[in-house]
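Scroll down for the structure; my scribbles are underneath it.
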Amino acid sequence: MRTGMLKQIHYPFIGVLLVIGTLVTPAYSQAANTTADKTDNQPNIILIVTDDQGYMDVGFNGGTEIPTPQIDRIANEGVRFDQGYVSYPVCGPSRAGFMTGRYQGRFGFTTNPTMNPAIPNAGVRLDEEMISEVLKKQGYSTMAIGKWHLGIQPDYQPRNQGFDEFFGFLSGGHQYFPELLTLNSMQEVIDNETSWYYMRLLDNGKRVDIDKYLTDALSDRAVEFIERKKDQPFFLYLAYNAPHTPYQATEKYLDRFTHIEDERRRTYAAMISAVDDGVGAVLDKLDELGIADNTLIFFLSDNGGPINKSHVADNGALRAGKGSLFEGGVRVPFAMRWPQIVKPGTDYVKPISSLDIMATIAAQTGAIIAKERPLDGVDLLPYVTGENPGNPHEVLFWRQLSKGSYAVRHGDMKMVLGESKADENDTLLFDLSQDISEKKNLSGGQKATLERFITLKDEWEEELEDQAFPELRSWRPWIDESTGKPKRKKK
Ligand code: CA
């Protein structure tokens, strides 16, 4: 199996590769990069995101069933984050968080947004700034590839949110085989009584056909962009929808996993393997062009692996999965590489957040962050290099309005509210240093701690806004509500 993989042409899978360029933080003394010379040394930044990938479904976290040698390069040649969190346990809001560096609740993006064309504001509010917008002001070339899921209205699409170029789809998931992608508009989706997963891809505003497996098409485009922009600082947001459902893969990748009996798990593994090839292609291109050293790459999954019903992700010892505020829903595969700054093989074990991506990029490129919209993240570099031995975060918060659930992490302690209907006492307190699986509820014996956590949560929530737009499932005219499935399946 592995030998077969090695024989493949490497189109490494890029999960989430975020490459950040120049160091600007004055307190952080490192070689070369300062604001003054940023036009010469501005780092390239690649943010690679995978979709619904389990914590253990990557080699760098110890997973062995699905080899990811290319994704592992990012961690092995940079830093692996043992406790890398996203700020929301489902796709859209998680992305709204890391793309702005702010808790999505601050601007009401607290659910996967409706795709109803009649709802004008279902996206990241326009006065918020995304990574792409702040980097564009710094002179970066910017491109988004793959899944968007941050709004379908024209104003909310990538090219109006700081991206020069966009190749991908606006939906929350997509079909992977090119012959399935035939529809051109939401009206055609409705008329065909099928889902928006069947729409043709958008290529800078035009609907286009692809001639290969979707993951491969996204990887190819990423490599093409890097080649084309090699002489200027660029920001590439490479957002794979793999391994999100539907589980679909080609023989090339399925053949690597004939030992996995469960067909869905085998297909899921193949989908990740395709991403791995894509990441490898991106990393190889950086090497070939001689720009790897000054390219800051982030890799992460947008939420934990789904494990309910027919899903097959593996979150290891972590409790629950996608859609939950237990660790399995919010603690994700997370790595960063910047060869000229970060020592290879760094293992960073303190909690960090996907909200730190924006703060790190801003600090390292000198990007201006508006005072009225302070970031919730921190520059990770001083922590990763050891310059700052402290904790990146005193406290981390989560709020999931659809469930009425909350979580607060402070030190090793974590409070979870409203997630476990099975627990009679739904106010749970765990010591993650002793209980990574969140099995032993300590709330009964630690009333004072619990009260303090609830106060922290209440104070934080006062800064948040109500949900700004309806959720995804509030408008699905193609769905047969009795079965939950599309009325008519595309062939
Ligand atoms: Ca997701």
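The values are calculated or read from the model by the stated rules, or taken from the named source; none is laboratory data. Every value quoted in this text rests on a predicted model; they were computed, and no experiment measured them. Please note: Cβ atoms are built from the backbone with ideal geometry, for glycine as well, and neighbour counts cover all protein chains shown.
Exactly one condition in (1) modelled with pLDDT of 95 or more; (2) under 29 Å from residue 141 (Cα atoms); (3) buried (at least 20 other Cβ atoms within 10 Å of the Cβ); (4) touching a Lys or Arg at 6+ places or on another chain (Cβ under 8 Å) is not met by residue 97; state its number.
Condition not satisfied by residue 97: (4).
Residues 309, 285: which one is closer than 24 Å to residue 261 by Cβ, away from the ligand (no atom under 15 Å from the Cβ) and of a type in the set (D, E, K, R)?
Matching residue, one of 309, 285: 309.
Residue pairs, Cβ under 9 Å, 6 or more apart or interchain, first in segment 56-76 and within 20 Å of residue 282 (Cα to Cα), second among the small types (Gly, Ala, Ser) and modelled with pLDDT under 95. List them.
Listed by first residue and then by second, the contacts come to 58/15; 68/15; 71/15; 74/15.
Which one of these does residue 175 not meet: (1) over 20 Å from the mean Cα position of the chain (by Cα); (2) more than 27 Å from residue 45 (Cα to Cα)?
For residue 175, the failing item is (1).
Looking at 361, 368, 352, can you tell me which residue is touching a residue at least 60 places away in the same chain (Cβ under 8 Å), over 24 Å from residue 466 (Cβ atoms) and surrounded by fewer than 17 Cβ atoms within 10 Å (Cβ to Cβ)?
368
Test residue 303 against the stated conditions and say whether it is among the polar types (S, T, N, Q), surrounded by 20 or more Cβ atoms within 10 Å (Cβ to Cβ) and in a loop (DSSP other than H, G, I, E, B). Talk me through it step by step, then tell me what you get.
Numbers: among the polar types (S, T, N, Q): yes; surrounded by 20 or more Cβ atoms within 10 Å (Cβ to Cβ): yes; in a loop (DSSP other than H, G, I, E, B): yes.
Criteria met by residue 303.
Just wondering, is there one or more residues in segment 185-202 that are free of Cβ contacts under 8 Å to residues at least 24 places away in the same chain and closer than 26 Å to residue 291 by Cα?
No, segment 185-202 contains no residue that is free of Cβ contacts under 8 Å to residues at least 24 places away in the same chain and closer than 26 Å to residue 291 by Cα.
Quick check: anything in segment 233-249 assigned to a loop (DSSP other than H, G, I, E, B), over 23 Å from the mean Cα position of the chain (by Cα) and modelled with pLDDT of 95 or more?
no
Quick check on my filter: what residues within segment 165-189 are within 16 Å of the ligand (Cβ to nearest atom) and over 22 Å from residue 485 (Cβ atoms)?
168
Taking only segment 54-111 into account, find how many residues are hydrophobic (A, V, I, L, M, F, W, C) and part of a strand (DSSP E or B).
So the answer is 2.
List every residue pair whose Cβ atoms sit under 6 Å apart, with the two residues 6 or more apart in sequence or on different chains, where the first one lies in segment 455-471 and is farther than 15 Å from residue 150 by Cβ and the second, anywhere, is among the hydrophobic types (A, V, I, L, M, F, W, C) and part of a loop (DSSP other than H, G, I, E, B).
Going by the 6 Å Cβ cut-off, the qualifying pairs are 467/401.
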